[in-house]
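The values are calculated or read from the model by the stated rules, or taken from the named source; none is laboratory data. The model shown is predicted, which means the values in this text are computed figures rather than measured ones. Because the Cβ atoms are built from the backbone with ideal geometry, glycine has one as well, and the counts that use them run over all protein chains shown.
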Amino acid sequence: MNLLARFARYATLVAAAGMTAGLSAQPIDIRHTAPDNTLVRTTADAHYLLLPVEDDAPDMRIDVLDGGAIVHTCYVRLARHAVDYTVPFDLTPYAGRELLFNVIGEEPLRPHQMEKFVCWKALRTADAFDTANREKYRPVYHHTPLYGWMNDPNGMFWKEGVWHLCFQYNPYGSKWQNMTWGHSVSRDLVHWTQEPSVLAPDGLGSVFSGSAAVDAANTAGFGAGAVVALFTSAGKSQVQSLAYSTDGGATFTRYAANPVIVTEHEARDPKIFWNGRLGKWNLILAHALDREMLIYSSPDLKNWRFESAFGRGYGCQKGVWECPDLFELPVRGTQEKKWVLLCDINPGGPFGGSATQYFIGDFDGHRFVCDAHPDETLWMDYGKDHYAAVTWSDAPDNRRTAIAWMSNREYADAVPTLQFRSANTLPRDLELFRLPDGAQHLAVKPAREAERLRRGKTTLPAAALTASPVVCPLPAEADGVCEIELALDFGRARKINLMLSNEAVERVCMTCDLPDPKKRTFAMYRRQSGATDFGLAFPATTVAPMPGAGNKCTLRLFLDRCPVEVFGANGEFAMTNLLFPASPYTSLTSSAEGGAACLEHLTVYPLGTAE
């Protein structure tokens, strides 16, 4: 039995045990009215109706009726043969009223087939829903939803000391569906608390990706300091809608005159920002299938004027363009500033599937002009598992901090977790730097707050590296969850090998290659890293250039229960990859090829929980 099958059996047991804590005796009336239709009636006297889910079952549509009117629609993979887990439907908005759940099969069913589904016997009402972690691969210090599916980060803003992170969320299962804006908050970018969701599907469709910003000057008329969100309403077509919050982002009200932007072709993921030089708001929108970005301006966030388009023929054009961002950054060590345009693409990533590219240039509020040749492609991260990267609005001290979805469209819905799917990368601070030849690049560094997770340290003395390995144990008391800093001197070697391994003989091999002083690369191989059989595209090799020259390099590795993130010490490159070992990695081994090298410095910091 493979890892996913074993976990499915385990999840079935905990769904029947722990996830039904606080059960009520509220009666549920179930009537099977047609081969593809079942009616479920209950009175909303409990907090939740717990819906049994089988992850591999087809979606079923549920229309929730209150007094004969549809008040909510969702799609749930109701369990047919076995219950993998349960998800809660919140009954509290309808307290004391009788609700009818009209369950409709989305594909033809044989007579009496639907009434035999195991979900009907497992339906329960409850006053509590247990979100305690039951998964070995849930990260310790990376943001994840308490349960359900998550993808793109959305609506990110800072206000009054709180970092707000919204995200594409399915509260009714661990695969993509029911796109809603989930909502989490943090005061330090490493400890997150999930709050109630802020935007759910409506008559215009699901709530796709978008952004939010603080309207300090009350340009939109919702009040000074109101938080205004722009997002894609995705129904039969994709249009851009507006919502606003007057309670600091806890709840949002939709604008009555939505949509505020309508385009002839598919466009999504609006990113808004105040442009002080222009004295207006700017918005950048992904013209997805045309592989370009559309730029707009507005005095009030409601009435938008199209300014220009950028992107046709630029960078990677192999997939749809999504999740744009546009912001100004300082160039390290100079007084200069340049504009950076982030563009996520799927497929077309450097190693398959989804990834984030970027462009550097100038922007005057009307047009973006790229500095690079159209054929040049720059990648923000060279791993397989970094997508939909966007930055926080209104961060203090002109700080520009980004976060991304840590997965890949090629296998995101098949990774071996069930209670939840997907995590976010560490927040990352951004700036620009120049190489001696004048080439410009984006520097990506872990946010400084990550150092708050450190719980002690172990430092190894300097050591010569040869073909004989130098072994550094990883902190067993933290299940190998740690940060590793190491400084390397190639000496006469042309390759330095690093390997994470465990007692199950699973390994992650990494190499630093120096074929000549001007060409340096970092590679990661995860074919033997643990579970890899859930997706043909998963066991990949990823390779990143290490900008710079010379015989020395410094790395920072962040290891969690499933992801590893590797950074050049000054942000020269980043690589994010998921790993699913049977047991935690217990050691880091270093060796050299082609001559002797030196491990000048190695420090391991056990990292504490973000809970």
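Values computed for the structure shown
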quantity	calculated
Single residue of segment 54-90 satisfying the filter (small (G, A, S) and more than 11 Å from F117 (Cβ to Cβ)) that is surrounded by the most Cβ atoms within 10 Å (Cβ to Cβ)	G67
Residue check, R400 among the basic types (K, R), under 26 Å from V227 (Cα atoms), touching a strand residue (DSSP E or B) at 6+ places or on another chain (Cβ under 6 Å) and modelled with pLDDT of 95 or more	yes
Check on K159, within 23 Å of R268 (Cα to Cα) and modelled with pLDDT of 95 or more	no
Residue count, segment 535-564 (criterion: surrounded by fewer than 21 Cβ atoms within 10 Å (Cβ to Cβ) and of a type in the set (S, T, Y))	2
Residue within segment 166-178 that is modelled with pLDDT of 95 or more and either farther than 24 Å from L418 by Cα or among the aliphatic types (A, V, I, L, M) (or both) present	no
Subset tally (residues that are touching an Asp or Glu at 6+ places or on another chain (Cβ under 8 Å) and either at positive phi or crowded, with 16+ Cβ neighbours inside 10 Å (or both)) for segment 523-534	3
Among the residues listed as V214, V185, V198, V239, the single one being among the aliphatic types (A, V, I, L, M), under 30 Å from F558 (Cα atoms) and surrounded by 16 or more Cβ atoms within 10 Å (Cβ to Cβ)	V185
Scope segment 162-183; condition aromatic (F, W, Y) and under 15 Å from P201 (Cα atoms); matching residues	F167, Y169, Y172, W176, W181
Strands (runs of 3 or more DSSP E) wholly inside segment 108-174 that include at least 3 residues being touching a Gly at 6+ places or on another chain (Cβ under 8 Å)	148-159, 162-170
Top-ranked residue in segment 435-456 [being under 24 Å from Q335 (Cβ atoms), surrounded by fewer than 16 Cβ atoms within 10 Å (Cβ to Cβ) and not small (G, A, S); ranked as modelled with the highest pLDDT]	R448
Residue tally, condition in a loop (DSSP other than H, G, I, E, B) and in contact with a strand residue (DSSP E or B) (Cβ under 6 Å, 6 or more places away or on another chain), over segment 558-575	4
Subset of segment 518-557 [in contact with a helix residue (DSSP H, G or I) (Cβ under 7 Å, 6 or more places away or on another chain) and either among the small types (G, A, S) or not in a loop (DSSP other than H, G, I, E, B) (or both)]	A531, G535
Failed item in (1) modelled with pLDDT under 95; (2) within 25 Å of R421 (Cβ to Cβ), with Q26 passing the rest	(2)
Residues of segment 303-315 classified as assigned to a loop (DSSP other than H, G, I, E, B) and either over 28 Å from the mean Cα position of the chain (by Cα) or surrounded by fewer than 18 Cβ atoms within 10 Å (Cβ to Cβ) (or both), total	4
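Let's see how each residue does on (1) crowded, with 20+ Cβ neighbours inside 10 Å; (2) polar (S, T, N, Q); (3) assigned by TED's automatic domain parsing to the domain that holds A34:
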residue: E98; (1), (2), (3): no, no, yes
residue: E106; (1), (2), (3): no, no, yes
residue: P111; (1), (2), (3): no, no, yes
residue: K116; (1), (2), (3): no, no, yes
residue: K121; (1), (2), (3): no, no, yes
residue: K136; (1), (2), (3): no, no, no
residue: K159; (1), (2), (3): no, no, no
residue: V162; (1), (2), (3): no, no, no
residue: L165; (1), (2), (3): yes, no, no
